[in-house]
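Accompanying notes for the structure given below.
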Amino acid sequence: MRSATTSIAIDRDRLLHRLGELAQIGRIQGTSGCSRLALTDADRAGRDLVRTWMEDLGLTVRIDGIGNVIATTHHGGGDGPGSGPAPVMAGSHIDTVATGGRYDGNLGVIAGLEVIETVLAAGVELHRPLAVGFFTDEEGSRFPPDMLGSLVYAGGLSLENALAIVGIDGAVVGEELDRIGYLGPAPLPGPAPHAFVELHIEQGPVLESEGIRIGVVEGVQGISWTELRITGQSNHAGTTPMPLRRDAGLAAARIACFVRDLAVELGGSQVGTVGAITLAPNLVNVVAAEATMTVDLRNTDDVALSEAERRLELCVSGVERSEGVTVAMRRLAQYEPVSFDPEVVAIVEKVAGQMELPSRRMPSGAGHDAQMMARICPTGMIFVPSAGGISHNPAEHTEPDDLEAGANVLLATMLELAEARW
Ligand code: HGY
Ligand code: MN
Ligand code: MN
């Protein structure tokens with residue numbers, strides 16, 4: 001499909017082939033999805049493959065202290081990162097959740113690579129270099145918080161504190177980065193690009209349900225992650241009278257039900273999720289001594305999100321009293337809502353219109369590296385529809401026509417930001 005705004009278009013087959021090849025790494029048998037938790041061997045293999053593609057294109061590859069990998073062209077008179085005009089950058093992540101699909105994050109990286117290969121092959125002259133990168137641990141499932149690599153890149157967390165983070169399996173970020181060979185030399189925070197554009201699947205039902213091809217993303221909602229460690233008393237399931245129990249399992253269940261009811265009560269864009277609960281000793285005939293659980297609260301409105309956090313704390317205090325347990329709360333992530341740059345948003349919308357792709361403006365319910373890059377440069381995002389609104393699920397799917405359309409919108413947006421000379 002030729003994009004109306006440029007005389008060049010991405011290579012659909014090459015885009016689909018690379019997405020398919022990357023998806024074989026950590027492949028979840030019997031599905032089209034993959035599992036590449038951050039800093040695992042599967043993540044290393046995915047990184048190695050994408051870095052090879054970057055090097056094969058003759059790009060200058062920069063690996064920094066938190067393992068972010070960014071490849072840059074030599075347009076605009078510079079000879080690699082840090083010299084000449086700042087680049088226009090695409091990017092996302094290639095780590096996945098344990099039940100990941102093949103497009104979450106991967107699309108933004110592979111499409112960015114495709115844009116660069118298309119531009120190099122066409123010999124387009126640009127005032128600025130182009131860059132494409134993948135950030136470490138965007139998902140945050142193994143090592144919270146999410147968007148860890150882009151947060152450090154943007155100066156939101158010190159490298160020292162990031163490297164010391166202990167994951168849900170007891171592993172340490174710095175040790176794992178070193179083990180997989182991605183403890184890079186490039187300094188942090190990273191250099192601010194001229195602009196950053198992330199192509200991503202919507203991961204929700206809106207575009208598909210409205211028959212819209214392109215989401216023009218105006219911002220990302222606020223995110224609050226909390227870990228709760230509940231301590232009760234293990235006891236015999238048969239002999240312990242109900243009023244005498246200090247049941248950590250019941251306490252966790254009450255809090256989980258409260259999270260759902262709170263989201264429904266607050267309404268609007270409020271969502272609440274208890275995605276992880278583990279009990280100890282986790283045995284059929286033992287009242288649970290301990291429960292560890294996570295609460296994910298999100299809202300486009302920061303005041304409402306703070307209210308939801310306050311109400312959760314009140315609920316926890318009440319459960320401590322009624323169940324005779326103690327609860328230790330630890331904040332794992334806390335990000336305010338982010339608005340993207342109006343000019344970049346307008347370019348995405350204009351380009352979609354010129355390509356006659358139906359589009360609509362919308363917020364992002366999911367967190368993305370773009371919300372960190374928005375702290376240091378003009379940033380925007382492009383969404384393409386998710387079939388059935390499914391994501392964080394191996395069945396995640398986006399139609400090839402939509403993948404191609406999204407990549408062409410990314411191409412035209414980046415060319416405009418890089419001041420292509422036709
Ligand atoms: O949690 C998120 O929204 C993203 O998938 N890391
Ligand atoms: Mn993602
Ligand atoms: Mn994700």
Computed over region 299-422, the convex hull of the Cα set has an average projected area, in nm², of 11.2
Beyond 22 Å, the calculated P(r) of region 1-72 holds a percent of Cα-Cα pairs equal to 38
With DSSP loop assignment and no more than 13 other C-beta atoms within 10 Å, the GluC sites (Glu not before Pro) in region 320-390 are Glu356
Mean projected area, convex hull of alpha-carbon positions in region 163-303, reported to one decimal in nm², is 14.3
At q = 0.13, 0.16, 0.23 1/Å the base-10 log of I(q)/I(0) from the Debye formula over the alpha-carbon atoms of region 335-394 is -0.41, -0.61, -1.05
Over region 170-213, the quotient of the Cα radius of gyration and 2.2 N^0.38 Å is 1.99
Hull volume per residue for region 114-205, using the convex hull of the C-alpha atoms, in Å³ is 151
Bounding extents of the chain in its principal axis frame from Cα atoms, largest first in Å, are 80, 45, 41
From highest to lowest solvent-accessible area (probe 1.4 Å; ligands, DNA and RNA excluded), Leu417, Leu163 read Leu163, Leu417
Percent relative contact order for the chain, counting Cα pairs under 8 Å at least six residues apart, stands at 24
Cα-only Rg/Rh for region 68-146 with Kirkwood Rh rounds to 1.07
Per GNM of the chain with C-alpha springs under 10 angstrom, the most fluctuating residue out of Gly46, Gly123, Gly365 is Gly123
GNM on the chain, Cα springs under 10 Å; top mean-square fluctuation among Gly156, Gly100, Gly267 goes to Gly267
Contact order relative to length for region 146-225, counting C-alpha pairs under 8 Å separated by 6 or more residues, stands in percent at 21
With the charge dipole of the chain built from beta-carbon charges (+1 for Lys and Arg, -1 for Asp and Glu) about the Cα centre, the Cα from Thr60, Leu37, His17 projecting farthest to the positive end belongs to Leu37
The chain: antiparallel bridges as % of DSSP beta bridges, rounded to 5, reads 70
Summing -39500 (n - 2.57) over every DSSP H run of at least 4 in the chain, dividing by its residue total and rounding to the nearest 500, the 222 nm mean residue ellipticity is -10500 deg cm²/dmol
Computed over region 1-135, the convex hull of the Cα set has an average projected area, in nm², of 8.4
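The values are calculated or read from the model by the stated rules, or taken from the named source; none is laboratory data. Predicted, not measured: the structure shown is a model, and the values here were computed from it. Because the Cβ atoms are built from the backbone with ideal geometry, glycine has one as well, and the counts that use them run over all protein chains shown. Remember, those area values only see protein heavy atoms, side chains included, never the ligands or the DNA or RNA. Shrake-Rupley method; radii C 1.70, N 1.55, O 1.52, S 1.80 Å.
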